[in-house]
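Right, one structure below, let's go through it.
We did not get these values from a lab; they are worked out from the coordinates using the rules stated. A quick note: this is a predicted structure, and the numbers were derived from the prediction, not measured. Every residue, glycine among them, receives a Cβ derived from its backbone with ideal geometry; neighbour counts consider all protein chains shown.
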Amino acid sequence: MLVISAFLLANGGIPRDLAHRLALAITYTTFNAVFILMMYTGKTDRFRAALYVPLAPFFTISFMGRMIEQFHAHPAFVDFVFREKLPICPISLSMTLVPAALTRTFFWPGMLTGTYAAIVSMLVIWITGSLALGRGWCSWGCFFGGWDEGFSRVLSKPFFKAPAWLRDLPFASLLLFALLSAATLFPVYCVLFCPVKAVTDIPPEHFMKAAWMWRLHLVIFFAAVVALPVLVKRRAQCAYFCPLGALQCGVGCVSPFEVRIDTKACSGCGTCIRNCPLLAITEESLARGSCGIRCAKCGKCVDNCPSGAAHFHIKTTEPGAGKNIARLLFLYPAFFFMTAFGGSIWMDAISRIILLVFTGRMF
């Protein structure tokens, strides 16, 4: 992993400028230190979160830096030109695939091929990550989930318990917005309701023609991504609203990895139910020894289970057998994906921060 991550992060060569060299060194050292600690301490979620939570604000810095850079280069066409050098949001894939299949029209602006962030490239990355990790995408790759995960960890206890039926809302959201997008050829969820647009369309006067829309996104962001995760101590946006999360639940069926509960070792304390950030574990699934399709493989239940009953598992193998081996076999592709997908975001954001500190600009 030390060699592979060096190749992935350096992209085949050492950057020439000092800011990017420092960013590469910081990212490489941090990622591999975390991986080593993750392997040898047996704690997955604790160290995964150390990389995953910062990924969200780093993505905002990286994304906005590129947008501002494109704005200065093409001020009259920024709404479309900047898409050529920025990755299409994975959340929008569920909104665009149905219209693309029905009408052969991919309505999101951007380049189909030619850059690492092209639509086809992002589609391949999403499919590959999803087939390998299933909904583990939501804990190891999604560059938005770190926002609500970070806020869900602010308090030690929740203020209130959200209704159980909210767990099914993302499936309705996926169906509704996919059909609306297909009917209108317009990314309805992404443009009008996505909460993270509040932190990726700044400053609004450059990138959004209607200031009221940015204020609406800001309200949605603070409600769904800040306040609700703090109050319920869950990843509320991911668990209750995100349509991509629902899509990942279905894709997770083909992933070779899962988290199971050894019913013979389980003491029935309910620690896993209380701590699961996505409400994947219920009394019913616990009785079956399964975390269900909603599990994002974050490892929090594995870290906190007092009896060691929760464990990573490779499908088709005997439940409870080879727990440590199964965990290590999962960690390698999961960390590989996090490094390949999130490491470049870390580096770009850190290099822009360094430039901002020493030069007063972000590019």
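Taken about its Cα centre, the range 256-321 carries a charge dipole of roughly 120 debye when the Cβ of each Lys and Arg holds +1 and the Cβ of each Asp and Glu holds -1.
Between GLU283 and CYS253, the C-beta separation translates, for a Förster distance of 22 Å, into a calculated FRET efficiency of about 0.45. With both labels modelled 7 Å from their Cα along Cα-to-Cβ, the VAL219 to LEU131 distance reads 4.4 nm. Checking the cross-link pairs LYS157/LYS315; LYS157/LYS323; LYS197/LYS323 against a 32 Å limit on the alpha carbon distance flags LYS157/LYS315; LYS197/LYS323 as lying beyond it.
The alpha-carbon atoms of the range 274-328 define a convex hull whose volume equals 90 cubic angstrom per residue. The label point for PHE7 and the one for LYS161, both projected 7 Å from the Cα toward the Cβ, are 5.0 nm apart.
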